[in-house]
1. Out of all the residues in region A:160-197, which are in contact with a strand residue (DSSP E or B) (Cβ under 7 Å, 6 or more places away or on another chain) and more than 7 Å from chain B (Cβ to nearest Cβ)?
2. I need a count of the residues in region A:148-189 that are surrounded by fewer than 20 Cβ atoms within 10 Å (Cβ to Cβ), free of Cβ contacts under 8 Å to residues at least 60 places away in the same chain and over 17 Å from A:PHE138 (Cα atoms).
3. Can we say A:ASN82 is outside any helix (DSSP H, G or I), modelled with pLDDT under 90 and farther than 19 Å from A:GLU63 by Cβ?
4. Any idea how many residues of region B:50-68 are of a type in the set (A, V, I, L, M, F, W, C), in contact with a Ser or Thr (Cβ under 9 Å, 6 or more places away or on another chain) and either in contact (Cβ under 8 Å) with a residue 40 or more places away in the chain or more than 17 Å from A:SER67 (Cβ to Cβ) (or both)?
5. How many of the residues in region A:103-159 are among the hydroxyl-bearing types (Ser, Thr, Tyr) and out of contact with any strand residue (DSSP E or B) (no Cβ under 9 Å at 6 or more places or on another chain)?
6. Against the conditions (1) closer than 26 Å to B:ALA69 by Cβ; (2) modelled with pLDDT of 90 or more, where does A:GLN38 fall short? Just the number, please.
7. Out of B:GLY113, B:GLY121, I need the residue that is more than 9 Å from chain A (Cβ to nearest Cβ), among the small types (Gly, Ala, Ser) and not in a loop (DSSP other than H, G, I, E, B). Which one?
2 protein chains.
Amino acid sequence: MFGNPGFGGGGNSGYPGGGGYPGYGQAPINPEVQQWFQAVDKDRSGQITWEELQTALINGKGENFSSTACKLMIGMFDTDRNGSIGINEFQLLYNYINQWLAVFKNYDRDHSGSIEEHELGLAFQQMGFRFSQEFVKFLIEKSDLKNHREMSVDQFVVVCIQIQRFTEAFRARDKELKGVITLAFEDFLSIALNCST
Amino acid sequence: MFGNPGFGGGGNSGYPGGGGYPGYGQAPINPEVQQWFQAVDKDRSGQITWEELQTALINGKGENFSSTACKLMIGMFDTDRNGSIGINEFQLLYNYINQWLAVFKNYDRDHSGSIEEHELGLAFQQMGFRFSQEFVKFLIEKSDLKNHREMSVDQFVVVCIQIQRFTEAFRARDKELKGVITLAFEDFLSIALNCST
């Protein structure tokens, strides 16, 4: 899915643990990650922006990842909130992206490079969600504005991260696990805008 | 704000009416709109996609409008949901964009081409919202990932459209005008994902 130099492929095919963000332990830098970082950091600033990330990521249709996907992913690892990430954060992001690629490949049963409606329904089922068919259809339509048929890997990542975030926000308010929450206006807006892009 | 050929400038400095979508009356096509349409419709398909719109729209910082803004705006006028719009829909979009440009200019008090925190707070106040300062600050941070200082016109349009949509979705459920709503999980997800991008 990546442009040059080729990406290792993660191995972990599970759903990234429980919707949480990865921990920020300082691991030694893998040489492959180092090489990648240098290739992506075009302006040699020692920091990677979402724009630089975007030039490096190609989906199964030969298009660059969407700016939405790249902003979301950089935002998740940008601990000091300066809009870019250093090499330690990049290593976490690199592993994170590889995990998502593995998840995507796992659900792309017909190896078309895209996920279709029935594959997406199956994916959510296996992730433990019980969504109606209309909701799955709505997600596909939202991603594939033209043909309403399929979702590319970057769109899949965006939808999954958003659903993860909204689910966390929901759960945090659904203390008695009733499946129903009560929200005031600004709280509602904050969640909705915070979890989206 | 637009690239060549120059854009007329709307005149209507009010907030586009009550958060609703514009009506779809079939008005005669303004020759200026016709000229614009032909310039934007690069592949002469008779339809404009969000990518074509993006190449034509420039914000006050000299950057193209974000893909998020262009997808949102095309989506609003794409009645047959095929991912693009024809000339009648384009005329409505053209007026709509001009209205937003006027709103933006009105709130950009120092004519910097961007809206800063206090200007945004004032804008929302005048639109009838009573948001906390933290919320306004959060909106600015979300838009200006690097400096947390200002919002460009396309970001302003995105934020306003999203808030409009979320407000409508909230109101539709807040029948007794209590400022508080109760939501089930899939309903919550649908609103959140439907109104965002």
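The values are calculated or read from the model by the stated rules, or taken from the named source; none is laboratory data. This structure is a prediction, so every number in the text was calculated from the model and none was measured. Using ideal geometry, Cβ is built from the backbone for each residue, glycine included, and neighbour counts are taken over all protein chains shown. Calculation scope for accessible area: heavy atoms of the full protein, side chains included, ligands and nucleic acids excluded. Shrake-Rupley method; radii C 1.70, N 1.55, O 1.52, S 1.80 Å.
1. Scanning region A:160-197 gives A:ARG173, A:ASP174.
2. The number of residues fulfilling the criteria is 15.
3. Here the answer is yes, as A:ASN82 does meet what is asked.
4. Here the count works out to 1.
5. 1
6. So the condition that A:GLN38 fails would be (1).
7. Working: B:GLY113 fails: not in a loop (DSSP other than H, G, I, E, B).
The unique qualifying residue is B:GLY121.
Conditions (1) more than 14 Å from chain B (Cβ to nearest Cβ); (2) in contact with a Cys (Cβ under 9 Å, 6 or more places away or on another chain); (3) open to solvent by 40 Å² or more (accessible area, probe 1.4 Å), marked per residue:
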residue: A:MET76; (1), (2), (3): no, no, no
residue: A:ASP80; (1), (2), (3): no, no, yes
residue: A:GLY83; (1), (2), (3): no, no, no
residue: A:GLN91; (1), (2), (3): yes, no, no
residue: A:TRP100; (1), (2), (3): yes, yes, no
residue: A:GLU117; (1), (2), (3): yes, no, yes
residue: A:GLY128; (1), (2), (3): no, no, yes
